[in-house]
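The structure under discussion appears below in the form of structure tokens.
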Amino acid sequence: NYAFCVQKGNTQLKDDFNAYLAEIKENGTFDAIVAKYFEGVGEKVGYTVATDYEASENTAENFVVATNCPFEPFEYIQVDGKIYGIDMEIAAALAEYLGKELVISNMEFDAVCLSVGQQKCDIAMAGLTVKPEREEYVTFTTSYYSASQKIITMADDTTFDSCTDAASVE
């Protein structure tokens, strides 16, 4: 399950996001965003990534999103230098919902949750799997996407036929 994360104890932003997520799921906005990236329906929107972002810019007027870009279709940079993806469209819409200016900070994946835990960013949006070790220093929102993985083999390869969970695949 993918979710976004906020600073531990920031129940206001978590509650705001959860309310917003429920609203966009009910009114069809969420499905429309996902359809752009999985089905090619609709026009994708690109956003500018902040360069040389300083944590001091994390003001009440800004909504600072920590992300790691190479995870298409959730977040990725195109040749035009803009960031696209499901998470980024949700981020932009959430910033508007909150009445704030969107600032996207692209960083190494391992720093995404840490930057939120250290109050350098408001929210981490990077196709994040909810994990207990991350919950030690951040709080996760309601899950917004359930991902699955499949193994593809040659038709005559029966190696994984009896596998029923991750442990048996390993």
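Before moving on, here are some points about what is shown:
- Looking across ALA22, ALA35, ALA111, ALA95, one residue alone is in a helix (DSSP H, G or I), open to solvent by 10 Å² or more (accessible area, probe 1.4 Å) and farther than 20 Å from ALA147 by Cα. It is ALA111.
- In region 151-170, residue farthest from ALA32 (Cα to Cα) [restricted to those that are among the charged types (D, E, K, R) and open to solvent by less than 90 Å² (accessible area, probe 1.4 Å)]: ASP157
- Any chance VAL116 is open to solvent by less than 80 Å² (accessible area, probe 1.4 Å), in contact with a Cys (Cβ under 8 Å, 6 or more places away or on another chain) and either farther than 17 Å from VAL49 by Cα or modelled with pLDDT of 90 or more (or both): yes
- Counted residues, region 117-163 - those being part of a strand (DSSP E or B) and over 11 Å from ALA3 (Cα atoms): 1
- If you go through region 1-19 and pick out every residue that is closer than 12 Å to LEU94 by Cα, open to solvent by 50 Å² or more (accessible area, probe 1.4 Å) and among the polar types (S, T, N, Q), you end up with 0.
- Evaluation of THR29 against (1) in contact with a Leu (Cβ under 8 Å, 6 or more places away or on another chain); (2) more than 27 Å from ASP110 (Cβ to Cβ); (3) among the hydroxyl-bearing types (Ser, Thr, Tyr) (one fails), failing number: (1)
- Per-region count, region 49-69, residues at pLDDT 90 or above and exposed (fewer than 14 other Cβ atoms within 10 Å of the Cβ): 0
- Filtered residues of region 129-150 (kept if surrounded by 13 or more Cβ atoms within 10 Å (Cβ to Cβ) and more than 18 Å from ILE90 (Cβ to Cβ)): ARG134, GLU135, TYR137
The values are calculated or read from the model by the stated rules, or taken from the named source; none is laboratory data. Remember, predicted model here, so these are calculated numbers, not experimental data. In this analysis, Cβ positions are derived from the backbone assuming ideal geometry, glycine residues included, and neighbour counts consider all displayed protein chains. These area figures cover heavy atoms from the full protein model, side chains too; ligands, DNA and RNA do not enter into them. Shrake-Rupley method; radii C 1.70, N 1.55, O 1.52, S 1.80 Å.
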